[in-house]
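Following: one structure in structure tokens, then a few remarks.
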Amino acid sequence: MTLPTVDWEQPGEPRAEGLRERKKRLMRRRLTDTATAMFLERGFDAVRVAEIAAACEVSEKTVFNYFPSKEALVLDRPAATMAALRTGLARPGRSPVDAVLDILARELDALLSWLGAQPDLAEASARVQAFTALARSTPALRAHHREMAEQLEAAAAEALAVRTGRAADDPLCQVAATALLGLCRVQSTALRRSLDGVNKPEEIRDAVTVDVRSAARLIDSGLAGFAPAG
């Protein structure tokens, strides 16, 4: 099962990728695609990492060289996502809410571009829904997802602290970071509701964007007083 990944290169920025980097990227994709397909077919707990390695004709050690855990094979937030969050929140001319909206828009674009390229919209939507159901129904994956969310919130709090001259554990930075990353949950919920196999990519985009921007306006008004510390 191949699902989209986000290209975090800036528009117009040339991608310099040597043979070594390309081979690593393709192996990473092969491992995660194979693992996801096996997990969806048999369940996360029923598949051993050794089986995934064998299916990809590599050693189990090689799998762990690419992914730190079994959970990361199916739920992996690249370091580039963290960097994009820090960079976006550090931009003085861009509001924190808009910075997060930029990231979510790129993730949505990646998914909808993939969806639009599939020959059977209903089948593709069902595959995405099955992937989401797997992540939500598996305790280990739910715990891994929470850990990733906490890491992103910590990164957001640190970036907001730098932006406002506060400490990262300042209550305002903590609350603001949690609220901003809450937009990710809003987008996920809106996607699950819209991916019904009938809605076309542009219709899904409109529905998801309405929900996310509605929540963003509420957060933006709350952050209006989040000025640099005096």
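What follows draws every value from the coordinates through simple rules; no lab data is involved. From a predicted model like this one, the values you see are computed outputs, not experimental measurements. For neighbour counting, all protein chains shown are included, and Cβ atoms are generated from backbone atoms with ideal geometry for every residue, glycine included.
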(Q) Tell me the angle of helix 96-116 to the major Cα principal axis of the chain, expressed in degrees between 0 and 90 and rounded to the nearest ten. (A) 30
Q) Nearest 0.05, what FRET efficiency do ARG25 and ASP206 give at R0 = 35 Å with Cβ-Cβ as r? A) 0.60
**Q.** CYS173, CYS184 arranged by Cβ crowding within 10 Å, fewest neighbours leading
**A.** CYS184, CYS173
Q: Set the Förster radius R0 to 30 Å, insert the Cβ-Cβ distance between LEU121 and ASP33 as r into 1/(1 + (r/R0)^6), and round the FRET efficiency to 0.05.
A: 0.90
Q.
What distance in nm separates the two pseudo spin-label positions at ARG94 and LEU218, each 7 Å out from Cα along the beta-carbon direction?
A. 2.5
**Q.** Global form of region 124-230, assessed from the alpha-carbon gyration tensor, a/c cut-off 1.5
**A.** oblate
Q. Using a Gaussian network for the chain with springs between C-alpha atoms less than 10 Å apart, which of these wobbles most: ALA80, ALA54, ALA216?
A. ALA54
Q) Dipole size in debye (nearest 20) for the chain around its Cα centre, Lys and Arg Cβ +1, Asp and Glu Cβ -1? A) 340
Q: Work out, step by step, the length gained on full extension between CYS184 and PHE64: first 0.36 nm times the residue separation, then minus their alpha carbon distance; give nm to one decimal.
A: 40.4 nm
Q) Given the options ALA130, ALA79, ALA168, which has the most mean-square fluctuation in a GNM of the chain, springs set between C-alpha atoms less than 10 angstrom apart? A) ALA79
(Q) Give me VAL128, VAL175, VAL210 sorted ascending by neighbouring Cβ count inside 10 Å, so fewest comes first. (A) VAL210, VAL175, VAL128
**Q.** Cα lying deepest toward the dipole's positive end in the chain, options GLN187, PRO92, ALA168, charges on Cβ
**A.** ALA168
Q: Once you have all Cα-Cα distances for region 19-73, histogram them in 5 Å bins from zero and send the whole-percent values.
A: 4, 21, 35, 25, 10, 3, 2, 0
Q.
If you average the C-alpha positions of region 120-150 and of region 30-96 separately, how far apart do those two centres end up, in angstrom?
A. 13
